[in-house]
């Protein structure tokens, strides 16, 4: 969407598949990948003694199906994480090897997988995501009108213009994807509201390069979409860790839940300029503990708070986010938010 994100790798690098991305980049491989992803999605919650159902806020969340005295542990195979690297290696991503940023490719892949007829490797994950994105850029016009005159309202206008321009470029570069503007708008909302900090995971056979560093797009750090874990709702008091396990799924024991996390936050700033003012909105991805590893096979999320059967389990999107930032990313604000901030524009003569 913007010029701040790193460019997609060259054509030869784009479609070279390392073990982590086996199956991406050809039709048969992506079909098998999607089938494996579907099996995982069908079983992971039951294995963690969780279920997804409606919450008290007219949304959905994850709830314990039995007493969990040691808290919650969810394991996601690393290969099922959708980030800039995996997006660039898909069939759609490989069509966009030049002229598009990593953020734009990630949005395009996510948007294409939104279509019911999509054959994307990540279609099973995208199919269970909410129908409506929560960010204000996806709100009805009457709701957006409430933000007129605010910094966020100004930034949304510029973001919409950028999205329209991206849609036109994608229609020319990848006509077979047949993306609609509404698909891109939805994908932007999903990325904003569901991304986790960049995990910086590199396969043992690959060298770490500058391209593996966390990238910054128009609305902040690109981050990664981690299936199932992103269904956990926010609670300010939740203490959650997100880490990498190089062991197989069976080797990750529930004792890991008790390990105390040290929280880190990655911050990026997006700036939009109008004729008279410069509007800056700082956004950060969901706040969790992250660990850099090589050949990490699973992403493991732990919340050590005991849960009773029927209670909801939570993540913590960050205790340092202002209501403007929460609204920009997730579409909600917190009453009596201790991190809230007010921006003032003082105009003087000269």
- Item | Sole residue being modelled with pLDDT of 95 or more and closer than 22 Å to residue 224 by Cβ, chosen from 62, 41 | 41
- Residues in the range 52-104 that are in contact with a helix residue (DSSP H, G or I) (Cβ under 8 Å, 6 or more places away or on another chain) and without any contact (Cβ under 8 Å) to a residue 40 or more places away in the chain: how many? 1
- Just give me the residues in the range 145-157 being within 18 Å of residue 184 (Cα to Cα) and either out of contact with any strand residue (DSSP E or B) (no Cβ under 8 Å at 6 or more places or on another chain) or at pLDDT 80 or above (or both), in sequence order. 156, 157
- Could you pull out the residue among 81, 109 that is closer than 30 Å to residue 309 by Cβ, crowded, with 22+ Cβ neighbours inside 10 Å and under 14 Å from the mean Cα position of the chain (by Cα)? 81
- Query: Of all residues in the range 147-158, how many are touching a helix residue (DSSP H, G or I) at 6+ places or on another chain (Cβ under 6 Å) and in contact (Cβ under 8 Å) with a residue 24 or more places away in the chain?
  - Reply: 1
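Listed here are the residues, each with its yes/no results for (1) more than 21 Å from residue 37 (Cβ to Cβ); (2) touching a strand residue (DSSP E or B) at 6+ places or on another chain (Cβ under 8 Å); (3) in a helix (DSSP H, G or I).
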{"position": "103", "(1), (2), (3)": "yes, yes, yes"}
{"position": "106", "(1), (2), (3)": "no, yes, yes"}
{"position": "110", "(1), (2), (3)": "no, yes, yes"}
{"position": "113", "(1), (2), (3)": "no, no, yes"}
{"position": "116", "(1), (2), (3)": "no, no, no"}
{"position": "120", "(1), (2), (3)": "no, no, no"}
{"position": "125", "(1), (2), (3)": "no, yes, yes"}
{"position": "131", "(1), (2), (3)": "no, no, no"}
{"position": "134", "(1), (2), (3)": "yes, no, no"}
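The values are calculated or read from the model by the stated rules, or taken from the named source; none is laboratory data. Because the structure is a prediction, the values reported are computed rather than measured. A quick note on method: Cβ atoms are made from the backbone with ideal geometry, for glycine too, and the neighbour counts reach across all protein chains shown.
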